[in-house]
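**Student:** Below: one structure in structure tokens.
Every number in this text was worked out from the coordinates using simple rules, so none of it is lab data. As the structure is a prediction and not an experimental result, all values here were calculated from the model. FYI the Cβ positions are ideal-geometry reconstructions off the backbone, even for glycines, and counts take in every protein chain you see.
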There are 2 protein chains.
Amino acid sequence: MSDTQADAGSGGGIDVDFGEDGLVPAVAQDADTGEVLMLAYVNREALEHTRETGRAHYYSRSREELWEKGATSGHTQMVEEVRVDCDADALLYLVDQTGGACHTGHRSCFHRTVDGDEVGERVFDPDAVYG
Amino acid sequence: MSDTQADAGSGGGIDVDFGEDGLVPAVAQDADTGEVLMLAYVNREALEHTRETGRAHYYSRSREELWEKGATSGHTQMVEEVRVDCDADALLYLVDQTGGACHTGHRSCFHRTVDGDEVGERVFDPDAVYG
């Protein structure tokens, strides 16, 4: 795979700035409700797969591999639109989320306040899905 | 300032994992409309200032300094709630945004699709604000 900037758009558009580590943060937002579901990281390959398949792909920093959201859990994200911020170093995926985005069973990974209060909705039993 | 984990909550709650570089990504979302406004980075000091003042603070990686959103432009963000994700390494600020979040004059920094289409609303003239 080439590392040239010209590849970034894969069909034109914005040249995403993947920076020194090759990653940008991507926010997944429910396209219908506006709920922010999760934040993960995307490399060039993950963005290309997302655009080509219409399913959200990320790069797992812990497993060091391309990661299709929902490949294990079935809780996929169909991507309606990918947006880029003004500096082209952050992405916003507008998605149709099946089930819940969070491995804890919550609809959103942001299910707690910094004070520790639970504010998010639990939509599945993680032991049943991942157990 | 101490670097101990016990300081993280500043009054209890979730210990945010600021990682090796001392930064976590923070998403600012309009508390009323749900619009995702911007993504920036937060260190421990910025989070403490945000919680103490109720105004959004970030850490500017380019200027290498604490940054109060709107200090120059007047386009401040009053923070209604700070949420933490499941891994405690990303934040969500629910904010009341004055004016626009983006230095380009748009309400949101995510005002373009990756294909280069303009989808965001322009709410101020940046030359008038920053010029």
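**Student:** Per residue of B:104-111, what is the mean number of Cβ atoms on other protein chains within 10 angstrom of that residue's Cβ?
**Tutor:** 4
**Student:** Related question: Per residue and in cubic angstrom, what volume does the convex hull of the Cα atoms of region A:30-73 have?
**Tutor:** About 89 Å³ per residue, rounded to a whole number.
**Student:** Loop-only GluC sites (Glu not before Pro) in region B:58-92, please: DSSP not H, G, I, E or B, and at most 15 other Cβ atoms within 10 Å.
**Tutor:** Within region B:58-92, the qualifying GluC sites (Glu not before Pro) (loop, at most 15 other Cβ atoms within 10 Å) are B:Glu64.
**Student:** Give the residue list of trypsin sites (Lys or Arg not before Pro) in region A:34-89 that are DSSP loop and have at most 15 other beta-carbon atoms within 10 angstrom.
**Tutor:** Qualifying residues, ordered by number: A:Arg61, A:Arg63.
**Student:** Something else now. Just grab the label-to-label distance for B:Thr53 and A:Glu20, each label 7 Å out from Cα along the Cβ direction, in nm (one decimal).
**Tutor:** The modelled label-to-label distance comes out at 2.8 nm.
**Student:** If you draw the axis that swings chain A onto chain B, which residue of A has its Cβ closest to it, and how far is that in whole Å?
**Tutor:** Chain A residue with minimal Cβ-axis distance: A:Gly34, 1.
**Student:** Using alpha carbons only, how many degrees (0 to 90, rounded to 10) separate the axis of helix A:44-53 from the longest principal axis of chain A?
**Tutor:** The helix A:44-53 is inclined about 70 degrees to chain A.
**Student:** Oh, and also: Would you calculate a helix-derived [θ] at 222 nm for chain A, using -39,500 (n - 2.57) for each DSSP H run of n ≥ 4 and dividing by the full residue count, to the nearest 500?
**Tutor:** After summing the helix terms and dividing by the residues of chain A, the value is -3000 deg cm²/dmol.
**Student:** How large are Rg and Dmax for the protein assembly as shown when calculated on the C-alpha trace, in angstrom?
**Tutor:** My reading of the Cα-based Rg and Dmax gives 17.9, 58 Å.
**Student:** Follow-up. Can you tell me the FRET efficiency between A:Thr98 and A:Asp127 if r is taken as the Cβ-Cβ distance and R0 is 22 Å, rounded to the nearest 0.05?
**Tutor:** Result of the calculation: an efficiency of 0.75.
**Student:** A follow-up question, please. Using only the alpha carbons of chain B, what is the convex hull's orientation-averaged projected area in square nanometres?
**Tutor:** Taking a quarter of the hull surface, the average projection is 8.9 nm².
**Student:** Still on this structure, please answer the following. Count, for each residue of B:73-86, the Cβ atoms from other chains sitting within 10 Å of its Cβ, then give me the mean as a whole number.
**Tutor:** Mean inter-chain Cβ contacts per residue within 10 Å come to 4.
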